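The values are calculated or read from the model by the stated rules, or taken from the named source; none is laboratory data. Remember, it's a predicted structure, so these values are computed and weren't measured experimentally. Backbone-built Cβ (ideal geometry, glycine too); neighbour counts: all protein chains shown. Ligands, DNA and RNA are excluded from the accessible area calculation, which covers all protein heavy atoms including side chains. Shrake-Rupley method; radii C 1.70, N 1.55, O 1.52, S 1.80 Å.
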Amino acid sequence: QVQLEESGGGLVQAGGSLRLSCAASGRSFGTYGMGWFRQAPGKERELVSAIRWLSGTTYYTDSVKGRFTISRDNAKNTVDLYMNSLRPEDTGIYYCAQAEGGSLYSASSYDYWGRGTQVTVSS
């Protein structure tokens with residue numbers, strides 16, 4: 001069983017930066033994919049960014065391209081999301097998730113989820 005724990009959320013002004021971290025325990029995930037999702041109040045959970053563990057290939061939703069960067073550390077079993085030029089619409093609960101296969105673009109492919117960390121961007 002894999003446990004995921006997010007950290008790094010908080011309150012920041014528009015234009016500011018945050019770094020989210022996700023630490024995995026319980027099993028090595030060297031060949032798996034990881035994703036960061038967010039859920040804003042009253043909205044569905046959406047994929048923000050994902051990374052394939054072996055190749056390092058990344059994906060970003062259009063609204064965060066050029067502002068967010070996802071990275072992973074295979075040795076430490078961590079995945080980070082660097083968020084720059086934050087906007088009020090980036091506000092939400094950010095979840096880390098791990099997929100053991102399938103399409104990283106689909107939430108249904110993810111097998112393990114963290115509890116989430118709140119990100120609030122004030123205008």
Legend entry - All positions within region 68-100 that are without any contact (Cβ under 8 Å) to a residue 60 or more places away in the chain and on the phi > 0 side of the Ramachandran plot: N77, G92
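On the basis of being modelled with pLDDT under 95 and within 21 Å of Q13 (Cα to Cα), does P88 make the cut?
No: the conditions fail for P88.
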Legend entry - Failed condition for T58, given (1) open to solvent by 50 Å² or more (accessible area, probe 1.4 Å); (2) closer than 13 Å to G116 by Cα; (3) of a type in the set (S, T, N, Q): (2)
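Yes or no: S63 out of contact with any strand residue (DSSP E or B) (no Cβ under 6 Å at 6 or more places or on another chain), modelled with pLDDT of 95 or more and either closer than 13 Å to L47 by Cα or buried (at least 20 other Cβ atoms within 10 Å of the Cβ) (or both)?
The answer is yes for S63.
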Legend entry - Out of D90, D80, sole residue that is within 12 Å of the chain's Cα centre (by Cα) and either surrounded by fewer than 16 Cβ atoms within 10 Å (Cβ to Cβ) or of a type in the set (D, E) (or both): D80
Inset, instruction - Find the residue count for region 75-91, including only residues that are under 11 Å from W36 (Cβ atoms) and of a type outside the set (S, T, Y). - result: 4
Inset, instruction - Please give the number of the condition S49 fails out of (1) closer than 16 Å to S21 by Cβ; (2) touching a residue at least 12 places away in the same chain (Cβ under 8 Å); (3) loosely packed, with under 14 Cβ neighbours inside 10 Å. - result: (3)
Inset, instruction - Filter region 1-46 down to residues that are of a type in the set (F, W, Y) and at pLDDT 90 or above and give me whichever is surrounded by the most Cβ atoms within 10 Å (Cβ to Cβ). - result: W36
